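The values are calculated or read from the model by the stated rules, or taken from the named source; none is laboratory data. Keep in mind it's a predicted model, so treat the numbers as computed, not measured. Cβ atoms come from the backbone with ideal geometry, glycine included; neighbour counts cover every protein chain shown. Just so you know, the surface numbers come from the protein's heavy atoms only, side chains and all, with ligands and any DNA or RNA stripped out. Shrake-Rupley method; radii C 1.70, N 1.55, O 1.52, S 1.80 Å.
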Amino acid sequence: MFDLSKAYLGVGILVIIGSIWVGVELYIHYRIKLGVQALEAKIALQNQNQAIQSKAIDTKRYTQATPKIEEKIITKYKIIKQKDPSCQAQMQEVKNALDIYFRGNNAM
């Protein structure tokens, strides 16, 4: 007849082999998951570095353009003093002020 100790031994060996198989599967899955996470982190870091460099360039451009912008604003909104109180002179001053204002809007 069939010996139960051999059956238990066979089942034990199958359980051990199955456990090893599942352990290897889980380990491989874990390593793949770590590799994917590392790749995603690397890509995210590269994107962040690119964004920081872009912001640095934008900041540099802005700081270089600030004096020009301030000059345009000062020119656009400077106080115009009348030199001649006559009607013709006042009209000319208003025309000059409007020209400066509208030319300033187009230049910006």
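Mind checking which residues of region 59-76 are of a type in the set (Lys, Arg) and farther than 13 Å from ILE100 by Cα?
Step one: list which residues in region 59-76 are of a type in the set (Lys, Arg), which gives 60-61, 68, 72, 76.
Of everything in region 59-76, those that are of a type in the set (Lys, Arg) and farther than 13 Å from ILE100 by Cα turn out to be LYS60, ARG61, LYS68.
Would you check if THR59 is open to solvent by less than 100 Å² (accessible area, probe 1.4 Å) and under 30 Å from VAL94 (Cα atoms)? Step through it out loud before you land on a result.
Numbers: open to solvent by less than 100 Å² (accessible area, probe 1.4 Å): yes; under 30 Å from VAL94 (Cα atoms): no.
Spelling it out, it is not the case that THR59 is open to solvent by less than 100 Å² (accessible area, probe 1.4 Å) and under 30 Å from VAL94 (Cα atoms).
Within region 63-84, restricting attention to residues that are open to solvent by less than 100 Å² (accessible area, probe 1.4 Å) and among the aliphatic types (A, V, I, L, M), which residue is modelled with the highest pLDDT? Can you show your working first?
Taking region 63-84 as the starting set, the residues that turn out to be open to solvent by less than 100 Å² (accessible area, probe 1.4 Å) are 63, 65-67, 69, 72-73, 75-76, 80, 84.
Then keep just the ones that are among the aliphatic types (A, V, I, L, M); that gives 65, 69, 73, 80.
On the way: ALA65: 82, ILE69: 79, ILE73: 74, ILE80: 62.
Selected residue: ALA65.
Within region 48-56, is even one residue of a type in the set (Val, Ile, Thr) and either within 30 Å of PHE102 (Cβ to Cβ) or open to solvent by less than 100 Å² (accessible area, probe 1.4 Å) (or both)?
Here is the first cut: in region 48-56, the residues of a type in the set (Val, Ile, Thr) are 52.
Imposing the further condition that a residue be either within 30 Å of PHE102 (Cβ to Cβ) or open to solvent by less than 100 Å² (accessible area, probe 1.4 Å) (or both) reduces the set to none.
No - not one qualifying residue is present in region 48-56.
Looking only at residues that are open to solvent by less than 80 Å² (accessible area, probe 1.4 Å) and in contact with a helix residue (DSSP H, G or I) (Cβ under 7 Å, 6 or more places away or on another chain) in region 86-108, which one is modelled with the highest pLDDT?
ILE100
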